[in-house]
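Every number in this text was worked out from the coordinates using simple rules, so none of it is lab data. Computed from a prediction, not measured in an experiment: that's the story for all the values here. Counting neighbours? That spans all protein chains shown, and the Cβs are built from the backbone with ideal geometry, glycine included.
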Amino acid sequence: MIELSNIEKRFGTTTVLSSVDLVMAEGSVTALIGPSGAGKSTLLRCINLLEQPTSGTVRLGEASVTFEPGKRVPAAEILALRRQTGMVFQNFQLFPHRNAVDNVMEGLVTVLGWPRERAKARAMELLEKVGMAEKAEAWPSTLSGGQQQRVAIARALAPSPRILLCDEPTSALDPELSDEVVEVLGQLAREGTTMVMATHDLRLALRTAGEVVVVDGGHVIEKGPSRQIFTDPQRERTKRFVTTLT
Ligand code: ADP
Ligand code: MG
C-alpha cells in the first residue's frame with residue numbers, strides 16, 4: 001500500500017531524512033518511534049506530500065511519484081497521492097469557529113463538492129464511529145482534548161482515505177484522555193485501516209501497531225514486528241530509546 005524508496009529530504013543544507021526505504025502492507029499499522037528531532041514528522045509529511053522529498057519515490061496504492069532535485073512534479077500528481085491519505089495532528093487543529101459535525105463535513109463539501117446533506121450524513125456516521133455523535137453540535141472549545149482528537153480522527157476519515165497518518169495523536173493529552181483516543185485508533189486498527197503513526201506512547205503502539213520503525217538522525221536504524229522491537233531490539237541505540245518510552 002505504501003512504498004518509500006530511497007527517500008531523502010533536505011532543508012537547505014540540512015539533511016533531515018536519508019536513504020529511507022520502507023514498505024507498508026494494506027491493513028498494516030506502523031508506529032514510527034525515535035527521539036525528538038529524528039525526522040518522524042518529516043517522514044509522515046513526505047508520505048502525504050505536505051512536504052516534498054528532495055529525492056526518492058513515494059508510491060501509495062497504484063499512484064507513484066519520483067522526486068529529483070530540480071525536477072518539478074505536476075500539482076495533479078501530488079494531489080492524486082495526497083488524496084489517498086488523511087492526517088491527524090498532535091494538536092487536533094479543528095476549525096475553532098465550526099462545530100464538530102461541520103468540522104467533519106467541511107472538506108467533503110468544499111474540496112470534494114459533496115451536497116451538504118450527503119456530507120452531513122457521512123459526518124454523522126463517522127462521529128458515531130468515534131463515539132462523538134452526541135456532541136455533533138458542540139464547539140471545539142467546549143470539548144476535552146480527547147473529544148477534539150476523536151472529532152479530528154473522524155474528519156481525517158471523512159473522504160475515505162486509504163491511509164491514515166497520525167503525528168503523535170495522544171501526546172497533547174492527559175493519560176485518562178489519551179485512553180479514549182487509543183481506544184478509537186485500536187478499533188480502526190482491528191478493522192484493517194492502514195495506518196502510520198509517529199508516537200512516544202507505548203500503550204498506543206502496543207495496542208495498534210504490528211510493525212515498528214525506529215528513526216534516528218534521519219535514518220531508519222531498525223524495523224520489525226512490534227513485539228520484537230519492544231522486547232528484543234537488536235541495536236543498542238533502540239534498546240536505550242525503548243526504555244525511555246512510557
Ligand atoms: P520529529 O518529528 O522526529 O521530532 P521532525 O521531522 O519534526 O522530527 O524534525 C527533524 C529535523 O528536521 C529537526 O532537526 C528539525 O529541526 C528539522 N526540520 C523540520 N522541518 C523543518 C523545516 N521546515 N525547515 C528546516 N528544518 C526543519
Ligand atoms: Mg514530530
Are there GluC sites (Glu not before Pro) in the range 48-156 that DSSP marks as loop and that have at most 13 other Cβ atoms within 10 Å, and which are they? E62, E137
Fewest Cβ neighbours within 10 Å first, please rank K9, K71 accordingly. K71, K9
Grab the Cα-Cα distance for R203 and E117, subtract it from 0.36 nm times how many residues apart they are, and report the gain in nm with one decimal. 27.2 nm
Show that you can apply the helix-only estimate: for the chain, add -39,500 (n - 2.57) for every DSSP H stretch of four or more residues, divide by all residues, and state [θ] at 222 nm to the nearest 500. -10500 deg cm²/dmol
Given the C-alpha centroids of the range 200-244 and the range 42-62, what is the distance between them in whole angstrom? 22
Say we join alpha carbon atoms closer than 10 Å with springs in a Gaussian network model of the chain; which of L112, L173, L157 then has the biggest fluctuation? L112
Express in nm, to one decimal, how much length is gained between R162 and I78 on full extension, taking 0.36 nm for each residue of separation and deducting their alpha carbon distance. 28.7 nm
How long is the gain from F11 to T66 if the chain were fully straight, where each residue apart is worth 0.36 nm and the alpha carbon distance is subtracted? 18.0 nm
Total Lys pairs in the chain closer than 22 Å by alpha-carbon, pairs eight or more apart in sequence or interchain only? 8
Cα gyration tensor of the range 112-205, axes a ≥ b ≥ c as square roots of the eigenvalues: rounded (a/c below 1.5), prolate (a/b > b/c) or oblate? oblate
